[in-house]
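Structure first, commentary second.
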Amino acid sequence: MRSRINLYIVEYAINSLLRQKYKTLFIGLVLTLLIFLLSSVFFITNSMKHELQATVDALPEITVQKIKAGRHDEIDVDVIDAILELNGVESAVARVWGYYYFQNAGVNFTLVGIDEYEEQYKKSFVAAASKLDFTKPSMLVGEGVKRVMDANYYKEYFNFIKPDGSLKRVDIGGVFKAETELESNDIILMSKESVREIFDMKENKATDIVVRVANFNEVATIASKIKLLYPDTRVITKDDLKISYQNIFDYKSGIFLALFTTALFAFFIIIYDRASGLSSEQKREIGILKAIGWRVDDVLREKFYEGFVVSLLAYVVGITLALAFVYIFHAPFLREIFSGYSQLKTSFALPFVLDMQTLALLFFLTVPLYIAAIIIPSWRSATLEADEVIR
Amino acid sequence: MIRLVDVVKKYEVNQSQSVVALDGINLEIKKGEVVVLRGSSGSGKSTILSLIAALSKPTSGEVVVGDERISKLPDSFASDFRRNTIGFVFQKYNLIHTLSVEENIILPLVPINLDAKEIKVKLERVLGMFHIAHKAKQLVKNLSGGEQQRVAIARANINNPQIILADEPTANLDAKLSLSFVEIVKELKAEGKTIVIATHDPLFFGLDVVDREIEISQGKLL
Amino acid sequence: MLLTPEVLAILVLNLLFGLFGAVAFLLSLKIFLKWDADATTPLQYTLEKQSFLAATIIKYIFSVKVPLFAFFVFTLDKISGVITGAMCAAGVVDATQSGMYLIALKIINLYLFASWLKLHSIDMSDKNQPYTKLKFGLFLLFFLSLLLELVLDFRMFGGIEIDKMVSCCGSIYSSSSTSALSTLFKIDNALLLSLFYGNYFLILLFFFLKKKYLFGMLNTLFLPLSLVSLILFFGTYIYELPSHHCPFCFLQADYYYVGYFIYLSLFLGTFHGMMIGFMPKVENGYKISLLFNSLYVILLTLYVLFYYFKNGVLL
Ligand SMILES: Nc1ncnc2c1ncn2[C@@H]1O[C@H](COP(=O)(O)OP(=O)(O)O)[C@@H](O)[C@H]1O
Ligand SMILES: [Mg+2]
């Protein structure tokens, strides 16, 4: 009978919390703040992971880069022909792209070249290819890029500085949109010819080659065949990329968490201290309860119910606030820490991602910790001498 | 009903010093008896009550209530015993001021998870018996001293215990209210309860309702 | 070293278990050595108070450990996405040398803590508290087991190398592999199943005969038998693949999280059965034990039957 949840004690616990308004409020606020910060960080990283994963998913199965002296180098376009010979390869396309540093704004653009009559290796490029004017130097720019250019009064065209110092003028033909904002934000699309000119790249060279494979299971085999054909290349499969993205994020939030552990222990101490400081009124109350027939276990139970009520409430409120902060207000300040794209000071919306596992993680990082912090203080008060109250 | 055998109670004040509050008490109280424990302040009256209520344990000797050796009971059994068998009316009433009259009275029932209906029946019985039904919803801190005592008595009786212990019940009451307390004792005696009153108030000396007076001085019975 | 937020959460909680467990250990030691139920000394009163703290800490550790175990398996599943080759938790367990022992130890510790709490509640409901010395003495041992688990946890997560190729569960749980489990696959299915169902029917028999020691022994035997037959035989019907023997994959959403239900009923059934056999004064619990053991048997048998009705053959 006693092992069931006793609603009367729960009621008493809530009542007791309300009667100690300021103490409850203080502990509740500290805990809520902690959960809020923690969940904001997780929501942001989850969303960015999701976004990046979507980007990676859209990528071709295999990317082939040439490696020279341990560094990424331009690759010969004729490699494509040899790759297409391999069984199971559906298509192989040479990519021409690179980063362009725009000094005035201190940001990097990603320049990507496309061909009008070529199979596009990304879905979003198909629409762009029909929109782009290939008859003259023209480009489509991502929204982030557009904003930066506007701010620098390049409304109609932009002057790229070539490696030899001369200028290349390219007209702004429109805005480029992809499925995810993260993907298209800093991108500039133009003809391969223009990109080659800006980066001073020869006609028969490309940045890398992307390969599409018909059967997913053959990816690994084909990758190793390419590697055999061209030992001077690095062959990256989509899975490799996925894993390294995941690692980067876990690593980043791991570092954050390591810092956070310090905060957790500070929090532990604060709660311990608060819970220990019993006023004489509270001591009297516990003495009364024991004197009229409450067991030590009942008092302990009441204390833990108090702890549960506070921590679960803080858990729900903290998470709700974090959801609003991240997905409605786009997480000002915090996002900058986690976005590798923060050089390009533009905002992009985070896709909504919420899973059980994150909720469980948040739970385990906060609620048991809080309960642990109140064990000893609760026990101290539950075992106070009851006969003091009769004096 | 209640038996104390060679009971000694020492309080450790610090490492080297201890106070002997009770020094070899032998005492037997029969069922239905009303006993007054009289003695000056500091003589050990409250200590005897707290031993009978299993609120504290003797340093040596035995306390037996019914056929239960309560001086040997572990906490959970001592608590159950206290809740079911003892109604304690404390000197300072020991009510929780920020709770209402009702909430205070049902406090002993909270850990045992009864039906709401059962609680209501028990509550209404004592509210009527001690004439405080009209104040049931008020906060205790807004009540007068006499009313507070009636709440304390109601709480002590919520489980209809066989034994009532009262510590200096009239210390904070005027003469009129003290007399009405004596009336309450009569009523409880009529119900067959065993009652022990610790007091140095002469009002209780030589009363009809009191079966026996026991004098205590410096931890010893006279 | 693998430092995902999940791993860090597990490690932080482990640290707490270690700290609080150590407090409980010291108190237990003191109580074990000095407890004297007849004494009325201040020391005895202090010990009585401290026994509440020790018991509360043990309760706390157990109640966090149960959901944390599920979270642990969940985390291994997630890490499997990061480790090359591993497709589910089994691969991650295999990625470290101590992985399999760790899982076994975690399960054993859950049983130990649960039985400690059972003994505690029996002790507390007796006026003489006859098992107080015993239970705190036992905790001295259980704590060492817990400590070993915590150390293995740290070693496991510290020892996972992301780039190292590991096996996927398909190769760990198969007869051709060289892992520790593969010897099990030499057992004949017919023999295994007769043992499994035979054991169950004996449990049923002794349920009616109410022979507590035999009932408890049979339940203890039923646990490893059930786990082995789950991996070797029943698992393949849950996956509907003759070669898929993994005991973790069916915890995933693809199989409607049925694994949690399977393991929970096995735990509840065998635990209550064991308690009847080995705990003093436990009389009821026969029904709960039989109920959950039966649920376990029926559920797994149904998987086989459904497969047979759908496909007309057995795997
Ligand atoms: N907790 C305590 N620590 C030390 N001495 C105590 C304690 N409680 C009571 N005493 C002492 O025990 C003696 C008896 O006290 P008590 O039973 O309260 O007397 P009474 O109720 O008759 O006034 C007194 O001398 C008092 O000072
Ligand atoms: Mg007194």
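The values are calculated or read from the model by the stated rules, or taken from the named source; none is laboratory data. Because the structure is predicted, anything quoted here is derived from the model rather than measured. Because the Cβ atoms are built from the backbone with ideal geometry, glycine has one as well, and the counts that use them run over all protein chains shown. Surface accessibility is based on the protein's heavy atoms, side chains included, excluding ligands, DNA and RNA. Shrake-Rupley method; radii C 1.70, N 1.55, O 1.52, S 1.80 Å.
Taking the radius of gyration and the Kirkwood hydrodynamic radius from Cα positions alone, what is the Rg/Rh ratio for the protein assembly as shown, to two decimal places?
That ratio is 1.11, to two decimals.
Given R₀ = 41 Å, FRET efficiency for B:VAL121-A:ARG380 by Cβ-Cβ distance, to 0.05?
0.65
Cα gyration tensor of chain C, axes a ≥ b ≥ c as square roots of the eigenvalues: rounded (a/c below 1.5), prolate (a/b > b/c) or oblate?
Verdict is oblate for chain C.
Kirkwood Rh and Cα-based Rg: tell me the resulting Rg over Rh for chain A, rounded to two decimals.
1.18
Could you compute the net charge surrounding A:VAL89? Neighbours are other residues with a C-beta less than 12 Å from the C-beta of A:VAL89; K and R count +1, D and E count -1.
Net of charged neighbours comes to -3.
Can you give me the Rg/Rh ratio for region B:1-120, using Cα atoms for both radii and the Kirkwood formula for Rh?
That ratio equals 1.01.
What spacing in nm lies between the two simple spin-label points modelled at B:ALA175 and A:THR221, each 7 Å away from Cα in the Cβ direction?
Each label point lies 7 Å from its Cα, and together they span 11.3 nm.
Taking region A:69-121, which GluC sites (Glu not before Pro) meet the DSSP loop condition and have no more than 15 other C-beta atoms within 10 Å?
In loop regions of region A:69-121 (DSSP not H, G, I, E or B), the sparsely surrounded GluC sites (Glu not before Pro) are A:GLU116, A:GLU118, A:GLU119.
For the protein assembly as shown, what does -39500 (n - 2.57) per DSSP helix run (n ≥ 4), summed and divided by total residues, give at 222 nm, in deg cm²/dmol to the nearest 500?
That calculation yields -18000 deg cm²/dmol at 222 nm.
Set the Förster radius R0 to 45 Å, insert the Cβ-Cβ distance between C:GLU240 and C:LEU147 as r into 1/(1 + (r/R0)^6), and round the FRET efficiency to 0.05.
It comes out at approximately 0.60.
What number, in percent, do you get for the relative contact order of region B:2-221 if the mean sequence gap of Cα pairs under 8 Å and at least 6 apart is divided by its residue count?
32
Would you give the gap between the C-alpha center of region A:60-118 and the C-alpha center of region A:1-43, rounded to a whole Å?
Value for the Cα centre distance between the two parts: 56 Å.
When the Debye formula is applied to the Cα atoms of region A:5-114, each taken as the same point scatterer, what base-10 log of I(q)/I(0) results at q = 0.10, 0.12, 0.21, 0.23 Å⁻¹?
For the requested q values the scattering log ratios are -0.63, -0.74, -1.19, -1.26.
List the longest stretch of chain A that has no exposed loop site; here a site is one of the chymotrypsin sites (Phe, Trp or Tyr not before Pro) assigned by DSSP to anything other than H, G, I, E or B, with at most 11 other Cβ within 10 Å.
That would be A:154-328.
Pairing the Cα long axis of helix B:116-129 with the longest principal axis of chain B, what angle in degrees results, from 0 to 90 and rounded to the nearest 10?
Result, in degrees: 80.
Provide, for q = 0.12, 0.17, 0.18 Å⁻¹, the log10 of I(q)/I(0) from a solvent-free Debye sum over equal Cα point scatterers in region C:170-311.
-0.51, -0.94, -1.02
Which residue fluctuates the most in chain C, going by a Gaussian network model with Cα springs under 10 Å, if the choices are C:SER125, C:SER51, C:SER145?
Top of the fluctuation ranking is C:SER125.
Computed on protein heavy atoms with a 1.4 Å probe, what is the summed buried accessible area for the chain pair A and C, in Å² to the nearest 100?
2800
Can you compute the equivalent ellipsoid semi-axes for region A:75-206, i.e. the square root of 5 times each eigenvalue of the Cα gyration tensor, sorted largest first and rounded to whole Å?
Ellipsoid half-lengths, sorted descending, are 26, 17, 13 Å.
Please check: in the Gaussian network model of chain C (C-alpha springs, under 10 Å), which one of C:ILE238, C:ILE298, C:ILE276 has the largest mean-square fluctuation.
Top of the fluctuation ranking is C:ILE298.
Leaving out ligands, DNA and RNA but keeping every protein chain, what accessible area does A:VAL309 have, in Å² rounded to the nearest 10, with a 1.4 Å probe?
Using a 1.4 Å probe on the heavy atoms, I get roughly 50 Å².
Along the Cα→Cβ direction, 7 angstrom out, place labels at C:TYR101 and A:GLU179. What is the inter-label distance in nm?
4.6
Accessible area, 1.4 Å probe, largest first: how do B:LEU179, A:LEU140 sort?
Correct descending sequence by accessible area is B:LEU179, A:LEU140.
Taking region B:156-222, which chymotrypsin sites (Phe, Trp or Tyr not before Pro) meet the DSSP loop condition and have no more than 13 other C-beta atoms within 10 Å?
B:PHE205
Not counting ligands, DNA or RNA, and with a 1.4 Å probe, what is C:ASP188's accessible surface area in Å² rounded to the nearest 10?
Its heavy atoms expose roughly 90 Å² to the probe.
What angle do you read, to the nearest 10 degrees and between 0 and 90, between the alpha-carbon axis of helix C:99-124 and the longest principal axis of chain C?
Result, in degrees: 40.
Taking the simple approach of a point 7 Å from Cα along Cα-to-Cβ for both C:LYS287 and B:HIS200, what is their distance in nm?
6.0
Normalised by the empirical 2.2 N^0.38 Å for globular proteins, what value does the Cα Rg of region A:105-168 take?
Ratio of Rg to 2.2 N^0.38 Å for region A:105-168: 1.24.
Residue by residue through region A:68-77, what is 3J(HN,Hα) from phi via Karplus (6.51 cos²θ - 1.76 cosθ + 1.60, θ = phi - 60°)? Round to whole Hz and write x for glycine and proline.
These are the phi-based 3J(HN,Hα) values: 10, 6, x, 10, 5, 10, 6, 10, 6, 5 Hz.
Could you calculate the FRET efficiency of C:PHE208 with C:ILE298 from 1/(1 + (r/R0)^6), where r is the beta carbon distance between them and R0 is 22 Å, rounded to 0.05?
Once the sixth-power term is evaluated, E becomes 0.75.
Run through all the Cα pairs of region B:23-62 and give the fraction in each 5 Å bin from 0, expressed as whole percent.
5, 18, 29, 30, 16, 2
Enter the accessible area of A:THR233 (Å², nearest 10), with the probe set to 1.4 Å and all protein chains included.
10
Roughly how big is the protein assembly as shown's charge dipole about its Cα centre, with Cβ charges of +1 (Lys, Arg) and -1 (Asp, Glu), in debye to the nearest 20?
2560
Return one number: the angle in degrees, 0 to 90 and rounded to the nearest 10, between the long axis of the Cα atoms of helix C:42-79 and the longest principal axis of the Cα atoms of chain C.
Long axis of C:42-79 versus the principal axis of chain C: about 10 degrees.
Just name one of C:ILE262, C:LEU300, C:MET274: the one whose Cα is farthest towards the positive end of the charge dipole of region C:170-311 (beta-carbon charges, Lys/Arg +1, Asp/Glu -1).
C:MET274
With no solvent and one point per C-alpha, what does the Debye sum give as log10 I(q)/I(0) for region B:2-221 at q = 0.15 Å⁻¹?
Rounded to two decimals, the profile gives -1.01.
Which order do C:TRP35, C:TRP116 take by accessible area at a 1.4 Å probe, largest first?
Largest accessible area first, the list is C:TRP35, C:TRP116.
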